[in-house]
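Visitor: The structure that follows is given in the form of structure tokens.
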Ligand code: TXA
Ligand code: MG
């Protein structure tokens, strides 16, 4: 077991305060953080990730009082209601920004995305640093998201401090649900493990807009191709009887057909969606790293509940390889 010492956290917090880049675990994926109120520090994130500046960042906080610096007044009461139910946790809330937030963080938008992560190391780091921390996933733009410090190391980005702890235990495994709030309406901009049904259950009567229904909702930076492994990734079709030689297959139940795969990874024994989400990126990293595997196949899921968020990631991850089939 790797222990994250108090001293390491201290160094990481100081690094953030001095404009450095720190990779840290959260309950969703590893983040690559910088002081959100320091535009020069934030610019280093875009450089390290080779991320286009039209893709805005999520700002991480450890205390509700930090919202006063980030959101414009008056702050919609719905923000606090959502925060009460879901923070700390994998929900990001987009709201009109204050003048203190640099335009680089929000890609010039007049709104800013904020979340309070629940991972104890992330919370402690944020408290020690005392500054809000802008952090996208700690991977090169477009590639697989990291759920372990080893996945971050693999990307070889110029990082000042990597907090190398255990693989995120009891993790969510996929990025937070992103919602915007407008009066008393909440719109899901990016699906995650907190679903529309969860939001409505917590706040009875809440109107929740879901992408694909009502209006077409888009978040900047949500491109068709994203989250991709460096090897071709395809969905396995239900009538498929054979895979090309040297294929790996990722399945979601003990009974799934694995055909003639060289390597098999099961994300779950019984199609448990939380388990699948938690193991998703690690499974793809394992396939990416295995020399026996030249292309990866993965089972689809029904697009219901958390299945919507998992399929959102997988459709983007397979997108660039579609034409090859
Ligand atoms: O779970 C997570 O959210 C992780 C961990 C590290 O906290 N972070 C993460 O960050 O996924 P990133 O940069 O990969 O995703 C940020 C996304 C943007 O691509 C965009 O879709 C949305 O959040 N976003 C950020 N600011 C926004 C804004 N002002 N309006 C609408 N969408 C915004
Ligand atoms: Mg990302």
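Visitor: Counting each DSSP H run of 4 or more residues in the chain as -39500 (n - 2.57), what helix-only mean residue ellipticity at 222 nm follows after dividing by all residues, to the nearest 500 deg cm²/dmol?
Guide: Numbers: 10 runs with 95 residues, N = 325.
Calculated at 222 nm, the ellipticity per residue is -8500 deg cm²/dmol.
Visitor: Relative to a virtual label point 7 Å from the Cα of residue 201 in the Cα→beta-carbon direction, which members of the range 279-311 show backbone nitrogen distances below 11 Å?
Guide: Only 306 fall inside the zone, counting backbone N under 11 Å.
Visitor: Quick one: if you stick a label point 7 Å off each Cα along the C-beta vector at residue 274 and residue 128, how many nm between them?
Guide: Placing both labels 7 Å beyond Cα along the Cβ direction yields 2.9 nm.
Visitor: Here's a follow-up. Highest mean first, what order results for 291-298, 141-148, 84-91 on Cβ atoms within 10 Å?
Guide: Numbers: 291-298: 18.2, 141-148: 22.4, 84-91: 19.8.
Final packing ranking: 141-148, 84-91, 291-298.
Visitor: So if we plug the beta-carbon distance of residue 110 and residue 140 into 1/(1 + (r/R0)^6) with R0 = 30 Å, what FRET efficiency do we get, rounded to 0.05?
Guide: For residue 110 and residue 140, the calculated efficiency is 0.55.
Visitor: Subtract the Cα-Cα distance of residue 223 and residue 73 from 0.36 nm times their separation in residues, and report this length gain in nm to one decimal. List each step's numbers first, then the result.
Guide: On the way: separation 150, 0.36 × 150 = 54.00 nm, distance 3.11 nm.
My answer for the length gained is 50.9 nm.
Visitor: If the convex hull of the alpha-carbon atoms of the range 233-321 is projected onto planes in all directions, what is the mean projected area in square nanometres? Each step should come with its number before you reach the end.
Guide: Values: hull surface 21.2 nm².
So the Cα hull casts an average projection of 5.3 nm².
Visitor: Residue 291 to residue 241: extension gain in nm, 0.36 nm per residue of separation minus the Cα-Cα distance? Let's see the in-between values first.
Guide: Working: separation 50, 0.36 × 50 = 18.00 nm, distance 2.36 nm.
Additional length available on full extension: 15.6 nm.
Visitor: Could you work out how much longer the chain between residue 18 and residue 63 gets when fully extended? Use 0.36 nm per residue separation minus the Cα distance between them, nm to one decimal. Walk me through the intermediate numbers first.
Guide: On the way: separation 45, 0.36 × 45 = 16.20 nm, distance 2.07 nm.
Here the answer is 14.1 nm.
Visitor: Per 10 Å bin from zero, what fraction in whole % of the C-alpha pairs of the chain is there, up to the bin with the longest pair?
Guide: The calculated distribution, bin by bin, is 6, 27, 35, 23, 9, 1.
Every number here is computed from the coordinates shown, using simple stated rules; none is lab data. Nothing here was measured: the structure is a model prediction, and the numbers come from that model. So basically every Cβ, Gly included, is an ideal-geometry build from the backbone, and we count neighbours across all protein chains shown.
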